[in-house]
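Below is one structure, written out as structure tokens; comments come after it.
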Amino acid sequence: MSFNRLDQLRKLNESFDICIIGGGATGAGVALDATLRGYKVLLIEKGDFASQTSSKSTKLVHGGVRYLEQAVRNLDWHQFKMVYKALHERKTLLQNAPHLAHPLGLLTPCYTRWERWYYRIGMWLYDKISGSTNLKSSRGLSKKEIQTEFPSIESHHLRGGVLYYDGQLNDARYALAILKEAERLGACVLNYARLDSFELGPKSLKIKKVLFTDLRSEASYTIPVKAVVNATGPFTDSVRVLANPRLKPRMKVSRGAHIVLPTEFWQGDTALLIPKTDDGRVIFVIPWRGSVLVGTTDDPDTLSENPVILEAEKEYLITYFNRYSAKKASLTDISATFVGQRPLLQVQLDSAMNTDTKSLVRDHEVEVDGRSKLVSIMGGKWTTYRVMASDTLDVLEKEVLHVSASPCLTKDHSLIPLASVELPLGVAEDIVAHLEELYGPAAGEVYAFGSERLLPSEPYLSGELIYLKQHEMAETWDDVLARRWGVSLRDEVLAEKLRATKKEAFAS
Ligand SMILES: Cc1cc2nc3c(=O)[nH]c(=O)nc-3n(C[C@H](O)[C@H](O)[C@H](O)COP(=O)(O)OP(=O)(O)OC[C@H]3O[C@@H](n4cnc5c(N)ncnc54)[C@H](O)[C@@H]3O)c2cc1C
């Protein structure tokens, strides 16, 4: 069996222990953890894998400098523990898939002597909390050092800065790597499969079967399962009420917009953390796969499958970019935009309805509905997907399957694909870099599908399209451009040119 839709559809004849709804970071993590614990797993995702929040993040593997500041200022032990947990996950995430995640230096500019001390101590604390899992020690920098080492930053009025380290990941491909590994170990993993309803037991009202539609063929399926995990991120409440209409909403959605600029606007491989905007946010300027990512915002929003950036958000982000960048950009320089919706958890059910989303804690919670036994994993962030999965399965084993907890085996579980074919000698450098960045050791296998370039000056290959269809379950051009390659999130014009080369290869 391979990571191919037809193979997955054939597996639907098997019996399953756990059905996971949602194929973003959270669902993927639960699928791998459950498979490694020995369960027969079915995962269904209504769109493409990671097509919602999990491919529209700021792509940081981080504890959250801002959350640490909030924890210290408010003496909030809960928030502090959350930062601790995320900081300790960073290294694991980077180690398990080094082809998809790596350390990233971030510079915090300081404009007063007080700020230099404040951020130096803050970053020192950030390092200390990471302990042995710290990626690299932070250091203070003088104005002169910044001007020499980081010429992209606007140095007027600058007093110095602090350089610290977090991680950066290819979020969509990371989710895919987790799902591919779960599938290789026996899980059945299906995209374009939408949960429609549950069949409940006549007396207990416990979930007995999941009913879903394969959106590619419109075929309906009814599959008996022992337990169901709801890992639908911002959509969590819509699945909770399918299991038990009496459940009150728990999720609050917050939108985060990003703009992308060409690389000439921010040279080098160090990011910038703008620690405080006039309205109390943090904004990052991040070198990202040959482009510059600027984001993000944090505003209450209504749930949507395809949130689109507002003109005001573009202007807001460009204004802040220009305040801190030596090279100024205008709205017409923006090469792409994307908006994600954060699945934030309301701690208090009623009063938090009006809460400002910036102050909502990014922690997670596992809920078991006492009646249907639906297990919902809510909140959290990309960085902690593995811990979220482990917590979910511990609760599920105890409260739904009533078995003693089996060990979580994901911590040291590598997501590096096994290399079966070497890249031949003499392949153009840009193609090697492109294939290794996306597929790691599987680059040679992908190249074997065909070496013809789709566009003369770009490394994207026609053979990749066959590989992506047959071995990565890409069904549409958007699956390829937005998530398998990530190109439409960086350069919309290039994405359209690539689509035009072989329109017929995929549905649009
Ligand atoms: C703007 C922004 C920036 C962020 N930046 C970072 C960051 O830098 N670092 C970090 O650690 N975290 C970050 N996060 C948080 C992180 O991205 C999210 O916590 C994480 O991606 C959520 O993953 P998820 O799987 O829970 O949700 P999702 O990725 O949204 O996945 C849920 C899936 O469920 C599917 N689904 C819904 N209903 C059904 C149904 N009926 N049947 C089948 N499938 C269904 C959806 O299609 C969706 O794909 C950011 C979030 C946002 C919005």
In contact with a His (Cβ under 6 Å, 6 or more places away or on another chain) and part of a helix (DSSP H, G or I) - does that describe any residue in region 425-443?
yes
Across region 3-36, what is the total count of residues that are touching a strand residue (DSSP E or B) at 6+ places or on another chain (Cβ under 9 Å), under 23 Å from Asn170 (Cα atoms) and more than 16 Å from the ligand (Cβ to nearest atom)?
1
Among the residues of region 281-315, what is the count of those that are more than 13 Å from the ligand (Cβ to nearest atom) and either free of Cβ contacts under 8 Å to residues at least 24 places away in the same chain or not assigned by TED's automatic domain parsing to the domain that holds Tyr164 (or both)?
3
Reported set for region 11-38 where residues are out of contact with any Cys (no Cβ under 9 Å at 6 or more places or on another chain) and part of a helix (DSSP H, G or I) is Ala25, Thr26, Gly27, Ala28, Gly29, Val30, Ala31, Leu32, Ala34, Thr35
Do you know which of the residues in region 401-417 that are within 19 Å of Asn170 (Cα to Cα) and aliphatic (A, V, I, L, M) is surrounded by the most Cβ atoms within 10 Å (Cβ to Cβ)?
Leu415
Report yes if Phe265 is open to solvent by less than 50 Å² (accessible area, probe 1.4 Å), modelled with pLDDT of 95 or more and either touching a Lys or Arg at 6+ places or on another chain (Cβ under 6 Å) or not aromatic (Phe, Trp, Tyr) (or both), otherwise no.
yes
Within region 332-367, take every residue that is among the aliphatic types (A, V, I, L, M) and open to solvent by 10 Å² or more (accessible area, probe 1.4 Å) and give me the one that is modelled with the lowest pLDDT.
Met353
Checking Arg159 against (1) touching a strand residue (DSSP E or B) at 6+ places or on another chain (Cβ under 7 Å); (2) over 18 Å from Arg66 (Cβ atoms); (3) buried (at least 23 other Cβ atoms within 10 Å of the Cβ): exactly one of these is not met. Which one?
(3)
Taking region 99-136 and keeping residues on the phi < 0 side of the Ramachandran plot, in contact (Cβ under 8 Å) with a residue 24 or more places away in the chain, in contact with a helix residue (DSSP H, G or I) (Cβ under 9 Å, 6 or more places away or on another chain) and small (Gly, Ala, Ser) leaves Ala101, Gly122, Ser130
Is there a residue in region 368-376 that is at pLDDT 95 or above, on the phi < 0 side of the Ramachandran plot, in a strand (DSSP E or B) and open to solvent by 10 Å² or more (accessible area, probe 1.4 Å)?
yes
Any chance region 218-226 includes a residue that's within 12 Å of the ligand (Cβ to nearest atom), without any contact (Cβ under 8 Å) to a residue 40 or more places away in the chain and either surrounded by fewer than 24 Cβ atoms within 10 Å (Cβ to Cβ) or assigned by TED's automatic domain parsing to the domain that holds Asp369 (or both)?
no
Taking first residues from region 170-187 that are under 13 Å from His99 (Cβ atoms) and second residues anywhere that are small (Gly, Ala, Ser) and not in a helix (DSSP H, G or I), the pairs with Cβ under 7 Å that are 6 or more apart or on different chains are Asn170/Gly486; Tyr174/Ala97; Tyr174/Ala101; Leu176/Ala50; Ala177/Ala97
If I filter region 195-203 for residues that are farther than 14 Å from Ser372 by Cβ and either hydrophobic (A, V, I, L, M, F, W, C) or open to solvent by less than 70 Å² (accessible area, probe 1.4 Å) (or both), do I get at least one hit?
yes
If you go through region 425-432 one residue at a time, do you hit one that is open to solvent by less than 60 Å² (accessible area, probe 1.4 Å), in contact with a helix residue (DSSP H, G or I) (Cβ under 9 Å, 6 or more places away or on another chain), over 30 Å from His78 (Cβ atoms) and without any contact (Cβ under 8 Å) to a residue 24 or more places away in the chain?
yes
If you scan region 178-194, which residues turn out to be open to solvent by 20 Å² or more (accessible area, probe 1.4 Å) and within 11 Å of the ligand (Cβ to nearest atom)?
Tyr192, Arg194
Considering every residue within region 244-259, establish whether at least one is open to solvent by 40 Å² or more (accessible area, probe 1.4 Å) and within 11 Å of the ligand (Cβ to nearest atom).
no
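Within region 36-51, can you find the residues that are more than 17 Å from Ala97 (Cβ to Cβ) and either open to solvent by less than 10 Å² (accessible area, probe 1.4 Å) or in contact (Cβ under 8 Å) with a residue 40 or more places away in the chain (or both)?
Result: Arg37, Gly38, Lys40, Val41, Leu42, Leu43, Ile44, Glu45, Lys46, Gly47, Asp48, Ser51.
The values are calculated or read from the model by the stated rules, or taken from the named source; none is laboratory data. In this text, all values refer to a predicted model and were calculated from it rather than measured experimentally. As a convention, Cβ positions derive from the backbone with ideal geometry for all residues, glycine included, and neighbour counts pool all protein chains shown. Just the protein is used for accessible areas: all its heavy atoms, side chains included, with ligands, DNA and RNA removed. Shrake-Rupley method; radii C 1.70, N 1.55, O 1.52, S 1.80 Å.
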